[in-house]
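Working notes, beginning with the structure itself.
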Amino acid sequence: MSDIYDKVIELAKRRGFVWPSAEVYGAVAGFIDYGPLGAMMKRRIEAIWRHYYVIREGYYEIECPTVGTESIYVASGHVKGFADKMCQCPHCNEYFRADHLAEACGIHNAGILSKEDLAKAVAPARCPACDEVFGDVEVFDFNLMFQTTIGPGSQRRGYLRPETAQGMFTDFSRLSRFYRMKLPFGAVQIGKSYRNEISPRQGMIRLREFTQAEAEIFVNPSEKNHPNFSRYADYTVDLWGIEQEQKDLPAIKKTMRQAVDEGIIANEYIAYYLALTHELLVTIGIDPARMRFRQHLPDERAHYAIDCWDAEVLSDRFGWVETVGIADRTDYDLRAHSKESGDSMTVFVPFAEARKEKRLRIVADMGTLGPKYRGKAKKIADALAEAAPGPDGADVVVDGETYHIPGDLYTVSEEEVEVRGVEVRPHVIEPSYGIDRMIYGVLEHAYDEEMVEGEERRVMHFAPCVAPVQVAVFPLVNKDGLDSVAREIAIDLQDGGILADYDDNGAIGRRYRRQDEIGTPFAVTIDYETKEKGTVTLRDRDSMEQVRLPIADVHATLMSLVSGRTRFADLKQA
Ligand code: GAP
């Protein structure tokens, strides 16, 4: 095993990107702090995500509490089914995820195995903690939600949200009014989610508190063509579809148009967000050669989902890491919340032209219905007017109770009505991103070490748009007024919105190395020519080449370089 992971984490801790939370009290696995540079980088990555989803796609961001009442998670199925299969070592009492143990024994996709099969798979394995052979172990379910109570002395149960998605579902009716009932529409949320992971041992990859960026896009079930599909129709990504996975074949390259037409990807919406995700991950610095899209196998996919793909990022230590999930969840979530809450969770979709339709209308015979159902009779009569007659009567639900009304208590007449549209329960397309995993991927893929003039250079090749410090400003020497010019330039850049780090400490070569290690993409050096000609040098981190620029051009040039509109090579040619 190579030591890239250890080197990346050592650098990340030492230089202020990320470290274990509350180390002074003995850190607890699954909780991390972002340090000064890591927090900055996280904000930049979130801003890029917002650029794609909020500004470009037009899905507004909402912000919901991280604590939810029990009914939300009863409806969503998390109370009953959000569990991992766990076992306990009979020798050292340590807990493990049984599917992870089975996968370490070479079983592919062990998450779909039953508890009994997992127990059999784990039995001959050695405990990673005490190295004893497990032998007979019981595999049992462990619900991953953190539970709490709401209010002092209250018995009202609450949960820390295990995903941000539920907020978009519970707000569906208000959102649909905000969007003037016009499908498709979407809402997004970036925020903390919580899962009480069983013995997380994968650093930033498996956390108990982590940040998700999720979009819930509500679409008409009969219109699954994305209105802007042409944007990505010719976009190519590596697809590791069901066939490739089952036959252990390499990923295939397809355009999104081909993948939909050949039935590999279920619809244009899924294909569109696969391509957008690819573009977004490449933009923040994930190496496209170390990224693929893996389709969920039918027995791995939730029963209600039509199609589901994971963007996987290759890590030196952890192999392929699921970083983004993109799923067509059908109407499962809205149906579940509608059933639990009583809210219809539908949208009225008007027809292009009103239609005349023949309908059977039930008219209650109040003379017999009244005495039989007394206080409920009026409500039953109203419900009957909307119900369809069956061969031996009609069923209606009033105040949560179902009543079977025999045919002799009403008459049925046929009438022609004008129908203007139909109530539709939208399907949900969900791209769900794990921000912490994205950041880990960016750190690992950016890490590099090379020998320069007999010395090791450690460099983080961050994309300029995510680098925490965007430019370093150095006076060549700390005298003859070079330092005051450098300070002025740094202040001008900061006033103009660029994070510029002024550094006059030590030899210039050392200063470059310090900035290379934190991935600062550019450095401006003020030297004696600056005083004579009013120009500075601009150094590119990756090529280590330099160009001279007039001071007056520094801000605009850096803005253009950081946004990606200009590349350093373009400046060399100019
Ligand atoms: N709403 C769908 C959902 O939550 P998920 O696959 O469970 O789907 C989405 O999570 C993403 O959240 C994952 O692809 C991953 O990047 C991230 N994620 C999930 N669990 C995580 C954990 N314990 N630590 C860090 N990131 C996690």
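Please treat every number below as a calculation from the coordinates, not as lab data. This one's a predicted model, so the numbers in the text were calculated from it and none came from an experiment. Counting neighbours? That spans all protein chains shown, and the Cβs are built from the backbone with ideal geometry, glycine included.
Post the alpha-carbon centroid distance, the range 1-54 to the range 517-554, in whole angstrom.
Using only Cα atoms, the two centres lie 29 Å from each other.
I need the phi-derived Karplus couplings for the range 408-423: 6.51 cos²θ - 1.76 cosθ + 1.60, θ = phi - 60°, integer Hz, Gly and Pro marked x.
Residue by residue, the range 408-423 yields 7, 9, 8, 10, 10, 10, 8, 9, 9, 10, 8, 10, 8, x, 9, 7 Hz.
Nearest 0.05, what FRET efficiency do A385 and T148 give at R0 = 41 Å with Cβ-Cβ as r? Mind showing how you got there, number by number?
Values: r = 45 Å, r/R0 = 1.10.
FRET efficiency, A385 to T148: 0.35.
Just round it to a whole percent: the fraction of Cα-Cα distances in the chain exceeding 41 Å.
Numbers: 64566 of 164451 pairs.
Counting every Cα pair in the chain, those more than 41 Å apart make up 39 percent.
Cross-link candidates for K13: which aspartates and glutamates have Cα within less than 18 Å, leaving aside residues fewer than 8 places away along the same chain?
D3, E23, D33, D436, E444, D448, E449, D516, E517
What distance in nm separates the simple spin-label points at T368 and K120, each placed 7 Å from Cα in the Cβ direction?
According to this spin-label approximation, the distance is 6.1 nm.
Residue by residue, what Karplus-based ³J(HN,Hα) values in Hz, rounded to whole numbers, does the range 180-190 have, using 6.51, -1.76 and 1.60 with θ = phi - 60° and x for Gly and Pro?
For the range 180-190, the Karplus curve yields 6, 6, 10, 7, x, 9, x, 9, 10, 8, 10 Hz.
Amide H neighbours of I265 under 5 Å, at least 5 residues apart or on other chains, H built in the peptide plane: list them.
Under 5 Å from the amide H of I265: V260.
PRE reach from R567 (point 7 Å along Cα→Cβ): which of the range 280-300 fall under 20 Å by backbone N?
Residues 280-291 qualify, since their backbone N sits under 20 Å from the label point.
For E423 and T255 in the same chain, what is the full-extension length gain: residue separation times 0.36 nm, less their Cα-Cα distance, in nm? Don't skip to the end; give the middle numbers.
Details: separation 168, 0.36 × 168 = 60.48 nm, distance 3.51 nm.
Extra length from E423 to T255 when fully extended: 57.0 nm.
Rounded to the nearest 500, what is the 222 nm mean residue ellipticity of the chain from helices alone, with -39500 (n - 2.57) per DSSP H run of 4+ residues and division by all residues? All intermediate terms of the calculation are to be shown ahead of the outcome.
On the way: 20 runs with 179 residues, N = 574.
Mean residue ellipticity at 222 nm (helix-derived): -9000 deg cm²/dmol.
What residues from the range 73-87 fall in the zone where the backbone N is under 20 Å from a label point 7 Å along the Cα-to-C-beta line of S199?
From the range 73-87, the list is 83-87.
Taking amide hydrogens as modeled 1.01 Å from N in the peptide plane, which residues meet the under 5 Å criterion relative to V422, leaving out close sequence neighbours?
Hits under the 5 Å cutoff: V349, F351.
Output the Kirkwood hydrodynamic radius of the range 416-473, Cα pairs only, in Å rounded to one decimal. Intermediate results must be reported in sequence, preceding the final value.
Values: mean 1/r = 0.0603 Å⁻¹.
In the range 416-473 this quantity evaluates to 16.6 Å.
If each residue of separation counts as 0.36 nm, what is the full-extension length gain between Q546 and D3 once their alpha-carbon separation is subtracted? Show your work: numbers first, answer last.
On the way: separation 543, 0.36 × 543 = 195.48 nm, distance 3.25 nm.
Taking Q546 through D3 to full extension adds about 192.2 nm, to one decimal.
³J(HN,Hα) across the range 250-261 via Karplus (A = 6.51, B = -1.76, C = 1.60, θ = phi - 60°), whole Hz, x for Gly/Pro?
Per-residue couplings from phi come out as x, 4, 10, 9, 9, 7, 5, 4, 4, 4, 6, 4 Hz.
What net charge is computed for the residues neighbouring Y34, neighbours being all others with C-beta under 13 Å from the C-beta of Y34, Lys and Arg scored +1, Asp and Glu -1? Don't skip to the end; give the middle numbers.
On the way: positive: K13, R15, K42, R43, R44, K192; negative: D33, E46, E209, D436.
Cβ neighbours under 13 Å give a net charge of +2.
Sequence gap at least 6, Cα distance under 8 Å: using those rules, report the relative contact order of the chain to the nearest whole percent. Could you put the intermediate results ahead of the total?
Values: 1051 pairs, mean separation 66.3, N = 574.
Reported relative contact order: 12 percent.
Count charges around D480 for me, please; just the other residues with Cβ under 13 Å from its Cβ, Lys/Arg as +1, Asp/Glu as -1.
-3
Tell me the label-point distance for the pair I306, V477, using the 7 Å Cα-to-Cβ offset, in nm and rounded to one decimal.
7.1
Quick one: which residues, 5+ away or cross-chain, put their amide H under 5 Å from the amide H of I526? H built at 1.01 Å from N.
HN-HN under 5 Å from I526: F474, L476.
Starting from the 7 Å offset along Cα-to-Cβ, what nm value, one decimal, do you get for the label separation of K13 and F178?
A separation of 4.1 nm, rounded to one decimal place.
Roughly speaking, what % of Cα-Cα pairs in the range 265-364 are separated by over 17 Å, rounded to a whole number? Let's see the in-between values first.
Details: 3349 of 4950 pairs.
Here the tail beyond 17 Å accounts for 68 percent of pairs.
Mind scanning K358/K378; K192/K253; K7/K42; K339/K379 and naming the pairs with a C-alpha gap bigger than 27 Å? Don't skip to the end; give the middle numbers.
Values: K358/K378 25 Å; K192/K253 34 Å; K7/K42 20 Å; K339/K379 20 Å.
Cα-Cα > 27 Å for K192/K253; rest within.
Let's test the formula: R0 of 22 Å, r as the Cβ-Cβ distance of K376 and D408. What FRET efficiency results, to the nearest 0.05?
0.75
Quick one: net charge of C105's neighbours, Cβ under 11 Å, K/R +1, D/E -1?
On the way: positive: K120, R126; negative: D99, E103.
In short, 0.
Helix by helix, which DSSP H runs in the chain go 18 Å or more along their axis at the Cα atoms and have an average Kyte-Doolittle hydropathy of 0.5 or more?
On the way: long enough: 36-50 (21 Å, -0.24); 268-284 (24 Å, 0.97); 482-495 (20 Å, 0.11).
Within the chain the helices that satisfy the rule are 268-284.
Rounded to whole Å and sorted largest first, list the principal axis extents of the Cα atoms in the range 347-424.
Taking the Cα atoms of the range 347-424, the three principal extents are 45, 26, 20 Å.
By the 4.7 Å beta carbon criterion, which cysteine residues of the chain come out unpaired?
Cysteines of the chain left without a disulfide-compatible partner: C64, C87, C105, C308, C465.
Please find the FRET efficiency linking S21 to E61, where r is the Cβ-Cβ separation and R0 is fixed at 30 Å, and quote it to the nearest 0.05. All intermediate terms of the calculation are to be shown ahead of the outcome.
Numbers: r = 26 Å, r/R0 = 0.87.
E(calc), rounded to 0.05, equals 0.70.
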